[in-house]
Protein chains: 2
Amino acid sequence: MMYQNVRKQNEEIRELMNEFSAKMVGFYNNLHTKPVGRPVEKETWEHLEHQQIPENGRPLKEVYEEMQRDIYSNILLAQHPRSFSCVPSTASLLSWMGDVMTNAYNPHASCKINAPTADLVEKKLIRWMCDRAGYCEEAGGLFVSGGSIANLTAMTAARDTKLTEDQRSNAVVYLSDQTHVSAAKGLHMIGFGKNQIRIIAADEEFRMDMDALKEAVAQDLQAGRKPFAVIASAGTTNTGSVDPMKEIAALCREYDMWMHVDGAFGASALLSGQYRKKLDGIELSDSLSWDAHKWMMQTYGCSVVLVQNQDALVRSFAAHPEYLKDAETSEDNVEFWDLGPELTRPARGLKLWLTLQTLGSRGLGNVIDHGCGLAELAEQILIEEKEWEIISRAQLGIINFRFKGNGTKTEQELDVMNQEIARIVTESGFAQVFTTKLKGKKVLRMCTINPETREKDIRDTIERLIETAGKVQNY
Amino acid sequence: MMYQNVRKQNEEIRELMNEFSAKMVGFYNNLHTKPVGRPVEKETWEHLEHQQIPENGRPLKEVYEEMQRDIYSNILLAQHPRSFSCVPSTASLLSWMGDVMTNAYNPHASCKINAPTADLVEKKLIRWMCDRAGYCEEAGGLFVSGGSIANLTAMTAARDTKLTEDQRSNAVVYLSDQTHVSAAKGLHMIGFGKNQIRIIAADEEFRMDMDALKEAVAQDLQAGRKPFAVIASAGTTNTGSVDPMKEIAALCREYDMWMHVDGAFGASALLSGQYRKKLDGIELSDSLSWDAHKWMMQTYGCSVVLVQNQDALVRSFAAHPEYLKDAETSEDNVEFWDLGPELTRPARGLKLWLTLQTLGSRGLGNVIDHGCGLAELAEQILIEEKEWEIISRAQLGIINFRFKGNGTKTEQELDVMNQEIARIVTESGFAQVFTTKLKGKKVLRMCTINPETREKDIRDTIERLIETAGKVQNY
């Protein structure tokens, strides 16, 4: 009987897990001393390429060691205090501990009967996050795997709430040129063609330009189109800019449009005393995406979608197959599987609960303040450097800047040089800094949201960038 | 500086993790002796309802113990050897160990540069699964969070491959009345109205009826509609039936329709020597959903979507924002973020790699054989019972049956009695058996896929059902 073969590894797993836990604590305590990333060695690659899935099993310890050596050793450490690219992970061992516990029990978190108290905790977290966003009593939502699925879920509800089937092909959605790519991807999935998406130019500070937005809506109305939704960003990925939410909300109300806020990255500022005001107006939106795996120290796969009126999700997603009838609790209880695209769903919120209980909401708020402060520090340092220019000022922990030299280089040459600076510093393993494109220029971008990042990390990284610029200039 | 406050818990986490690992091994080794589920105590519920998110943090150990006591203690154990409802989880500590390792490093598994060897391993797994399905060289796919997202991803690619925008509103999709509810949910999301979905009646053995399907396609063609896709099931959730794949494939080829196979539950039989033949014809499909968290012993959030031609996914999902330009590797390398709805994505496949390396593909194949054998055993036992009838014979580890008594009860009375039998046995905590509805009757359903389930578990559970029927009859 198979079960004996499976279970025989259990004692060994305990031993290996003890070893692994000790290793991980050492690993996280010493993150500062490690390279952010390191190239894969040729032997490792070849070994893995040749490693097939065996017909018969191999000793667990051998597999465990091989995975540590060949797979986990080559990961670009987004949780590293000098990982400044993209929106870096701030995952902590607290979140890991939540993963370890949750995955051990593996609750099926889609309906109350399967895991009543886990269900309660996720509902409390959703309610708490709704409160933080200033959402009303009818609000609700659920945990999903990431911002892309959150945006997709919200846009589906928006479509089904605001449009009849006949109106769909005539409807128009408004984004800015700084809106995250997942918005367009989600809109494509739910059936909107490219000609139904208006990209509104951002203003000088990379926020949606209200005049351009109003103009576009007016033109579409005149052309007999149906303006139906605006996707605002609360913390764009490029610059951390926040679109003018109150003005967008007023326009949406005027024309009966749905206002979705992509706050995947920036909504965490709702927890900050100091920076909360940057998100004023978010309470007027119809829906909100918010990733806990970005700025709330969670490992990946921990995001929420919130809606001002939970019924909108129920209308789009409720479905009741026969074999699940026994698992439904009551008419009053809305099950998570009726609120989004998934049926079976891991309990993604429990690790966030553990983190919030242990650090407190103020602890998380401090993380936000810390991250914003570090970007402001970077700005201060760079302002003093004559050969550098700030392209977008520190906003919600993101700053963009550019080596401009002494004025003798063309824009094209500077593009190449900035790209080269990013490449050299990143490949050194000391810090990870990527480029992005703003106002037609290649610029360097730092996202400084990791609570483990110290002032010294910022100073040392900028120093490296400046040194590297000096070398690149002399090529 | 925040980072010191966060890191101060690390040493404590190690101690708690050692304690937890020991506890978990004991827990899994003794699953047989535990109730499948237990009701939540009133005090626990009240305690949790009052537990708010504190402004200031609480001691980690207190939170850890509270979560164990109040949250994780009340979970319905789908991995229990006598959990026979829905498609029960077969999660093992091997998969948990993969979670523990993967989540500790938290790789961002969407592009090669972030975690090159993790990327390689997931690509090898995808290729291996494509080979198992008999897919061609151009095939590909990716890991997603579950069958619903897998179906959604495949249906989006199907729509974009087979239909112009103008054709969409005229297109028709064919499902059977046994198709999983996520198919209709996904179709709704990508824009298909109810009038575009034809539900084909299943035959006596709960497979899609080919005559009815052909008839429906012919009618739609005659009415000027565009038949565009058939969703076949390889292992329906209710009965484990497999739709006639070769015939469906031939019809799809004839009318240029996309054939999607929902194998979320049943595709794992591709690993079995004995039952692989039940899936003959699956290699002719255009896409396939396959959940590793159903029959391959993985914790939740581990599913794949495979397509016969990977370009179909690229066409629907590729998107390249500026700030990710530095993370792209080369033209040749297709990044996972270009193959599905997600951008940031946890490395869902690594735990499956660990399991496969340790147990071997034959080990997993034995798990399938074991599960199928147990349902066949249940069938043998029930055939001998005169007051019971088999509604659907053992298929891929699922059997449906019904207490029919001595012939003096009406069908309606029997519906109530069977429901009552399921409720009593489930509430006892000894085993979990739910009902479903087949051919208009309430029936008892057992899904026996857990490798930890022994013959004795099957015999004892059926004995309980029979005993309970006796009591219910005397009400």
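The values are calculated or read from the model by the stated rules, or taken from the named source; none is laboratory data. This one's a predicted model, so the numbers in the text were calculated from it and none came from an experiment. Heads up, the Cβs are rebuilt from the backbone with ideal geometry, glycines too, and the neighbour counts pull from every protein chain shown.
Please enumerate the residues belonging to the stretch B:86-103 that are within 14 Å of A:THR344 (Cβ to Cβ) and within 7 Å of another protein chain (Cβ to nearest Cβ). Step through it out loud before you land on a result.
So in the stretch B:86-103, the residues within 14 Å of A:THR344 (Cβ to Cβ) come out as B:86-91.
B:CYS86, B:SER89, B:ALA91 - these are the residues of the stretch B:86-103 that are within 14 Å of A:THR344 (Cβ to Cβ) and within 7 Å of another protein chain (Cβ to nearest Cβ).
For the stretch B:347-357, how many residues meet the condition of being more than 7 Å from chain A (Cβ to nearest Cβ), more than 23 Å from B:TYR275 (Cα to Cα) and either part of a helix (DSSP H, G or I) or without any contact (Cβ under 8 Å) to a residue 24 or more places away in the chain (or both)? The total comes to 1. Scanning the stretch A:110-139 for residues that are more than 8 Å from chain B (Cβ to nearest Cβ) and touching a Pro at 6+ places or on another chain (Cβ under 6 Å) yields a count of 0. Within the stretch B:28-47, the only residue that satisfies the criterion of being buried (at least 17 other Cβ atoms within 10 Å of the Cβ) and farther than 22 Å from B:GLU427 by Cβ is B:TYR28.
Matching residues to (1) assigned by TED's automatic domain parsing to the domain that holds A:LYS437; (2) more than 30 Å from B:ASP457 (Cβ to Cβ); (3) outside any loop (DSSP other than H, G, I, E, B); (4) of a type outside the set (Val, Ile, Thr):
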position: A:GLU15; (1), (2), (3), (4): no, no, yes, yes
position: A:TYR28; (1), (2), (3), (4): no, yes, yes, yes
position: A:GLU49; (1), (2), (3), (4): no, yes, yes, yes
position: A:GLY57; (1), (2), (3), (4): no, no, no, yes
position: A:MET67; (1), (2), (3), (4): no, yes, yes, yes
position: A:LEU77; (1), (2), (3), (4): no, yes, no, yes
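Among residues belonging to the stretch A:68-81 that are surrounded by fewer than 23 Cβ atoms within 10 Å (Cβ to Cβ) and over 15 Å from A:THR299 (Cβ atoms), point out the one that is farthest from the other protein chains (Cβ to nearest Cβ). By that ranking, first place goes to A:ARG69.
Taking the conditions (1) more than 8 Å from every other protein chain (Cβ to nearest Cβ); (2) closer than 25 Å to B:ALA115 by Cβ; (3) modelled with pLDDT under 95 in turn, A:LYS61 satisfies each one other than (3). Only strands (runs of 3 or more DSSP E) whose full extent lies in the stretch B:358-475 are considered here, and the ones with at least 1 residues that are buried (at least 17 other Cβ atoms within 10 Å of the Cβ) and more than 10 Å from every other protein chain (Cβ to nearest Cβ) are B:388-395, B:398-403, B:441-447.
Just one residue in the set A:LYS409, A:LYS441, A:LYS456 is free of Cβ contacts under 8 Å to residues at least 40 places away in the same chain and either within 23 Å of A:LYS294 (Cα to Cα) or in contact with a strand residue (DSSP E or B) (Cβ under 7 Å, 6 or more places away or on another chain) (or both); that residue is A:LYS456.
Every residue, every condition in (1) in contact with a helix residue (DSSP H, G or I) (Cβ under 7 Å, 6 or more places away or on another chain); (2) within 30 Å of A:LEU444 (Cβ to Cβ); (3) aromatic (Phe, Trp, Tyr), yes or no:
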position: A:ALA154; (1), (2), (3): no, no, no
position: A:ALA157; (1), (2), (3): yes, no, no
position: A:LEU163; (1), (2), (3): no, no, no
position: A:GLN167; (1), (2), (3): no, no, no
position: A:VAL181; (1), (2), (3): no, yes, no
position: A:ALA184; (1), (2), (3): no, yes, no
position: A:ARG225; (1), (2), (3): yes, no, no
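Checking A:SER85, A:SER73 one by one, the residue that is outside the structural domain of A:GLY371 (by TED's automatic domain parsing) and in a loop (DSSP other than H, G, I, E, B) is A:SER85 and no other. For the stretch A:243-276, a residue qualifies if it is more than 13 Å from the chain's Cα centre (by Cα) and part of a loop (DSSP other than H, G, I, E, B), and the qualifying residues are A:ASP243, A:PRO244, A:TYR255, A:ASP256, A:MET257, A:SER272, A:GLY273, A:GLN274, A:TYR275. Mind counting the residues in the stretch A:41-51 that are more than 8 Å from chain B (Cβ to nearest Cβ) and farther than 12 Å from A:GLU66 by Cα? Adding up the residues that qualify gives 5.
Yes/no matrix, rows are residues, columns are (1) closer than 25 Å to B:ARG276 by Cα; (2) of a type in the set (S, T, N, Q); (3) in contact (Cβ under 8 Å) with a residue 40 or more places away in the chain:
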| position | (1), (2), (3) |
| --- | --- |
| B:PRO116 | no, no, no |
| B:VAL121 | yes, no, yes |
| B:GLY140 | yes, no, yes |
| B:GLY147 | yes, no, yes |
| B:ASN151 | yes, yes, yes |
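B:HIS32 satisfies every condition listed in (1) assigned to a helix (DSSP H, G or I); (2) within 7 Å of chain A (Cβ to nearest Cβ) except (2). Residue-level check: of (1) more than 30 Å from B:THR436 (Cβ to Cβ); (2) modelled with pLDDT of 95 or more, B:ASN114 misses just (2).
Would you confirm whether or not the stretch A:4-14 contains a residue that is within 9 Å of another protein chain (Cβ to nearest Cβ), touching a Pro at 6+ places or on another chain (Cβ under 9 Å) and within 30 Å of A:ILE449 (Cβ to Cβ)? Checked the stretch A:4-14: no residue is within 9 Å of another protein chain (Cβ to nearest Cβ), touching a Pro at 6+ places or on another chain (Cβ under 9 Å) and within 30 Å of A:ILE449 (Cβ to Cβ).
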